[in-house]
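Inspection log for the structure reproduced underneath, given as structure tokens.
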């Protein structure tokens, strides 16, 4: 123990539970009792972390960064603080430890460990912000077709960064804070990839794991932080979609995206879940994806569409399979009792009901998907097939690399029918998570 342990422990607990006002009050009241070399950094870290969890690195403004130049991004602020600690680590090495007392030696060793731990913390924070900024750039280029699998490799690398320097008692709270965020980010992208790849066991396992991490993160905040001390978004913030009186914006983003992935999973694996869980599974499944089912049912009533189907390309190579860690050694398709590997295309969802695989309409749909596969694969455009001389009209849209949405009408429909195109765009954005990713569009340059 050193004379600073208790104060530092309280400070980092406040920081980890996002009690930024309490952390600031502690510094103002007892900062003179702390080591002078770190107090200025602690003040900065309160400001930076408050802004970080309010997405200051994405949407701006950076928050109450009163001592920071206005032209600096939050990422630059963290980088500067990171470099200051590295320089301090180099310049403040004790010249003669042999003459120090036992207590002085303990304090010197403690401060060195604290400095090293904070360097690691800031390095990881900076890496996370760079990744978020990459996603932001992708959303600004094309908000409707952002492929999260493109960020799996970098997220995996961040998750493998050595955090052992944070394994000292006073830094444990912020180590857990970092770990919760990194684990959620990795599990979110892994779940996203597994669902896009139509991998049932891996998908459901990672979704459950992410649920457990989110619960730990949430419990840590709620058990240790009074709601009066949580930050709130301003009324003008573009993140009001995520506004909650009791949850930080960063946590809320992951929570909402997890909800979306669960809904998407139940939609893609409806038949499998019913086959495993029986008809009783329909009630809890309906609660996970009410937005999908409500929009589909409403569109069916309004548009007189004959079929709304999702087609799986069963033989298409999986995406980024080398970068995901499978939960089971067996091929994911083998775990699906309803999967037939002999057919390259299969209907995995259909509304108002599922036709038999031998029905003529099924063969017509699959033929359309197969013939136009190369055009559909980019996911950018809707394929339209219909004219006044045809008895049916088809709209095809690639959702994920292996999943295609097909609408079939029993009569001629115009290619630019707004009722149809609006539904396609809405369902596409929901299934791809574009709505959740929209907040990245406001990232500062």
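Name the residues in segment 372-400 that are in a helix (DSSP H, G or I) and touching a residue at least 24 places away in the same chain (Cβ under 8 Å), would you?
Hits for segment 372-400 are 373, 376.
Return the residues of segment 19-44 that are in contact (Cβ under 8 Å) with a residue 60 or more places away in the chain, farther than 30 Å from residue 102 by Cβ and either in a helix (DSSP H, G or I) or out of contact with any helix residue (DSSP H, G or I) (no Cβ under 6 Å at 6 or more places or on another chain) (or both); say none if nothing qualifies.
Across segment 19-44, the qualifying residues are 20, 21, 22.
Condition check: part of a helix (DSSP H, G or I) and farther than 30 Å from residue 75 by Cβ. Does residue 369 satisfy that? Step through it out loud before you land on a result.
Numbers: part of a helix (DSSP H, G or I): yes; farther than 30 Å from residue 75 by Cβ: yes.
Yes; evaluated as a whole, the condition is true for this residue.
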Among the residues that make up segment 95-116, is at least one of them surrounded by fewer than 17 Cβ atoms within 10 Å (Cβ to Cβ), touching a helix residue (DSSP H, G or I) at 6+ places or on another chain (Cβ under 7 Å), modelled with pLDDT under 95 and assigned to a loop (DSSP other than H, G, I, E, B)? yes
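Any residue that is exposed (fewer than 14 other Cβ atoms within 10 Å of the Cβ) and farther than 22 Å from residue 260 by Cβ - is there at least one of those in segment 391-410?
Yes: one or more hits.
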When you go through 405, 376 one by one, which is the residue that is under 30 Å from residue 188 (Cβ atoms) and modelled with pLDDT of 90 or more? 405
Somewhere in segment 119-126, is a residue exposed (fewer than 14 other Cβ atoms within 10 Å of the Cβ) and either modelled with pLDDT of 95 or more or farther than 28 Å from residue 87 by Cβ (or both)? no
Name the single residue that is nearest to residue 394 (Cα to Cα) among those in segment 406-425 being under 27 Å from the mean Cα position of the chain (by Cα) and touching a residue at least 12 places away in the same chain (Cβ under 8 Å). 424
Would you mind stating whether residue 153 is in contact with a helix residue (DSSP H, G or I) (Cβ under 6 Å, 6 or more places away or on another chain), surrounded by 16 or more Cβ atoms within 10 Å (Cβ to Cβ) and either part of a helix (DSSP H, G or I) or at pLDDT 95 or above (or both)? no
Number of positions in segment 156-169 that are part of a helix (DSSP H, G or I) and modelled with pLDDT of 95 or more: 7
Restricting the search to segment 184-196, which residues are surrounded by fewer than 24 Cβ atoms within 10 Å (Cβ to Cβ) and modelled with pLDDT under 95? none
Those helices (runs of 4 or more DSSP H) lying entirely in segment 241-357 with at least 1 residues at pLDDT below 80, out of contact with any helix residue (DSSP H, G or I) (no Cβ under 7 Å at 6 or more places or on another chain) and over 23 Å from residue 186 (Cα atoms): 270-277, 282-288, 290-303
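The values are calculated or read from the model by the stated rules, or taken from the named source; none is laboratory data. This structure is a prediction, so every number in the text was calculated from the model and none was measured. Ideal geometry is used to build each Cβ from the backbone, glycine not excepted, and the neighbour counts take in all protein chains shown.
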